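Presented below is the structure to which this report refers.
Nothing in this text is a laboratory measurement; each read-out follows from the coordinates by a stated rule. Since the model is a prediction, treat every value here as computed from it, not as a measurement. All Cβ positions, even for glycine, are placed from backbone atoms using ideal geometry, and neighbour counts span all protein chains on display.
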Amino acid sequence: MNKRSLFLSIIFTSLFTALPVSAQYSGLGKDSLDPQVLKRYVPPALPPIVTRPIESILDVRSPGLGTVTPDGKRMFFTWGISGTVQVWRLDGAQKFPVQVTGGQDATTISGITPDGKYLLLSRDRQGEENPGLYLQSTDGGALEVIQHEPKVQTSLQYIGNDSRTIYFSANDVKRDSYVIYRYDLQTKKKVQISGGDGIWWIADVFVNPKTGDREKFLFGKATGSLSREYYEYDVKTRQTTPLLGQNEKEDYSVQYGTKANEYLVLTPKFDEFSRLYRYQNQKFTPITPDIKVDIANFDIDDQRQRILYTINDKGYTRLKAIAADNLTEIKLPEFANADHIYTGLTTRNGRFTTIGVETAKAPRLSYVYDWQTQKLTQWVLPSTPEIDTSKFVTAKLESYPTRDGASIPMFVYRSPNCENTPQNPLVKPCPVIVHFHGGPEGQSTAGFNRYAQLFVNAGFIFVEPNVRGSDGYGKTWLNADNGRDRLKVLTDIEDTSIFIRKNWQANGLTPKIGIVGGSYGGYAALIGMSKFAGSYDAGVSNVGISNLVTFLNNTAPYRRILRISEYGDPVKDRDALIELSPVTYSDRIKAPLLIIQGANDPRVPVGEAIQIQKILEQKKIPSQLVIFPDEGHGSSKRSNQVLEIGYTLDFFKKHLQN
């Protein structure tokens, strides 16, 4: 260790160990909390004058994209209109929706059996993210549990063509590893078909087009947040063979092509941007154009007829299709003024595909495209009661410079009342809210944004930057914040406010600026308020990380390996993690701070919120902590969403508009 490293180690270790005992914690979930602590921070109700505008905006929504039965006569989709996400059915395009699941636990669709008789459903409990797998008739009725165990994630992986055999993954042997089971829907028996350490899933299954027999399985294994290995299992020989990613740290997404020895691979390995390749005889051949944007994802239908892929064009989504055999382009329906066009599921017979279309002025519209008749039908109608969405503000793609010369893209939502022009100069600037996305490998995009509109309606300018580390701008940008490198680009957070204060003045006055975010965005908000204290006038951190060391030591075991690859190892990289942690700079915090957290969060433990709040209380800094006892990593229940947004808006109005 050199002298500088030794010095930093001494300084940051002393800063960390000097934190009050109350700032240390261990454990995960509601059980790790003292009931009296939880009771203290449960949010009281807000007055209707605060909640009513939020409820109106939340009523503007689109049901889930949905999937149709193989005969194209029914659609099943998710919808949160009852207060939690449940499953609904349409018995024809734009027919009256029928609710088929209920209760207070969020329920989503995992798949439909090829004969169209049964749904495979995923149900979670109070945001724990430990879902169980269930079976239900497509005609409705009671749910039959396949597996739902405490602290275990059970996820559907594949449904056999016989509509009887399914495969699912679960971390019920070891909490940090997943095994694959085969399950018979008639005998109710499960058999473990894979084991060992690691996060495993079924990436694809190759079925003999003549016999319908499963010939090969493609297994994926996550080795980091953005690195994967793939293995192939031959049913006939019962041999498992490494295919791709071994001894690498590379981002691959793989499916079978038209043949059992042909693979489709999406990867940024050979270029700055992700591109789709055909992989055969250990040779990669590009099958999508050489364009300077990322291919975001792809899918091939089970009949191996068509490849659908989406392009991430600087935060806008474009959909393309090519024939799987000769790779010629397939013409798709055109949609005017669409910010995002993407697909949902294609039926097992390859005939029907759901397509989602989103604009800045309306919630997503869901269509079903019939490849046989080439007919496009809108199935689900969005809900817009009491709100004229044509008045929603369209995001403008702008940018700001960093201190080291990078240009950060940002989407800006600005009402005409906040436009400062020579023709209509403002008396004073509108306050600004800077919203940082989660991930950190996430991306803020254009499109229909209810959350942004709430702030615009309240008189704010709403800004969403895609700082270095964000997805969608090439692998150099994406990997710029990995591990210790995060120290080099963390200043992007401060540079946002520097740019706004300098360039968005009005009448000689500088705008007040707030910072907000969830998950990694919550961490960014805490960093903006601590390490870069003075940059922002108020902050709201939602399920944010306050100490990267305690976070990595306490997050759910299945997530630890993925997060270590992104942030660093809590032992080997301890000094850097402490230097990157908001608690290290807690003595700098001066501006008001609101912290929001779900007690059952398996990703960011509730202790992350409590330890920073205790420090703020000891320092007598204006702060508030809100804990939802029945939520996890963000609010899923409508009533809690209203409170979460209500507290955030009310907080910023109080501290930025007075």
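For the range 70-79, putting each phi into the Karplus relation 6.51 cos²θ - 1.76 cosθ + 1.60 with θ = phi - 60° gives couplings of x, 7, x, 9, 9, 10, 10, 8, 9, 7 Hz, in residue order, rounded to whole numbers and with x for Gly and Pro.
Distance cut-off 23 Å, Cα to Cα: go down the list Lys73/Lys259; Lys292/Lys396; Lys259/Lys375; Lys216/Lys249; Lys292/Lys391; Lys269/Lys314 and report the pairs above it. Over 23 Å apart, Cα to Cα: Lys73/Lys259; Lys259/Lys375; Lys216/Lys249; Lys292/Lys391. The range 367-424 and the range 632-658 have Cα centres separated by 22 Å. Helix 48-58 axis versus longest C-alpha principal axis of the chain: approximately 30°, rounded to the nearest ten.
The count of lysine pairs in the range 493-649 that are at least 8 places apart or cross chains, and whose C-alpha atoms lie under 27 Å apart, stands at 16. Using the Cα gyration tensor of the range 269-406, with a ≥ b ≥ c the square roots of its eigenvalues, what is the shape: rounded (a/c below 1.5), prolate (a/b larger than b/c) or oblate (neither)? It is oblate, given that a/c is not under 1.5 and a/b is not larger than b/c.
Evaluate E = 1/(1 + (r/R0)^6) for Gln423 and Lys314, where r is the Cβ-Cβ distance and R0 equals 30 Å; express this FRET efficiency to the nearest 0.05. Efficiency, rounded to the nearest 0.05: 0.50. In terms of the mean number of neighbouring beta-carbon atoms within 10 Å, the peptides 295-307, 313-325, 455-467, 520-532 order highest first as 520-532, 455-467, 295-307, 313-325. Rounded, prolate or oblate, given the Cα gyration tensor of the range 534-658, with a/c below 1.5 counting as rounded? Note, shape of the range 534-658 comes out oblate. Taking 30 Å as the limit for the C-alpha separation, the pairs Lys236/Lys331; Lys30/Lys95; Lys39/Lys151 exceed it in the case of Lys236/Lys331; Lys30/Lys95. Taking the chain as the reference, fit the longest principal axis to its C-alpha atoms, fit the long axis of helix 606-619 to the helix C-alpha atoms, and give the angle between the two in degrees, 0 to 90, nearest 10. For 606-619 against the chain, the angle is about 0 degrees.
Candidate cross-link partners of Lys117 among the aspartates and glutamates, defined by an alpha-carbon separation under 17 Å and a same-chain spacing of 8 or more, comprise Asp71, Asp91, Asp139, Glu144, Asp162, Asp184. FRET efficiency for the Phe96 to Lys331 pair, using the beta carbon distance and R₀ = 35 Å, is estimated at 0.55.
Relative to the longest principal axis of the Cα atoms of the chain, the long axis of helix 638-656 lies at roughly 30 degrees.
Ordered by the count of other Cβ atoms within 10 Å of each Cβ, fewest first, Glu272, Glu129, Glu631 give Glu272, Glu129, Glu631.
Quick check on the range 297-337: take the gyration tensor over C-alpha atoms, sort the square-rooted eigenvalues as a ≥ b ≥ c, and tell me if it's rounded (a/c under 1.5), prolate or oblate. Prolate is the answer for the range 297-337, as a/c is 1.5 or above and a/b outweighs b/c.
Just add up the charged neighbours of Asp569: K/R +1, D/E -1, any other residue whose Cβ is under 12 Å from the Cβ of Asp569. That works out to +2. Using the Cβ-Cβ distance between Val191 and Gln246 with R0 = 22 Å, the FRET efficiency computed as 1/(1 + (r/R0)^6) comes to roughly 0.25.
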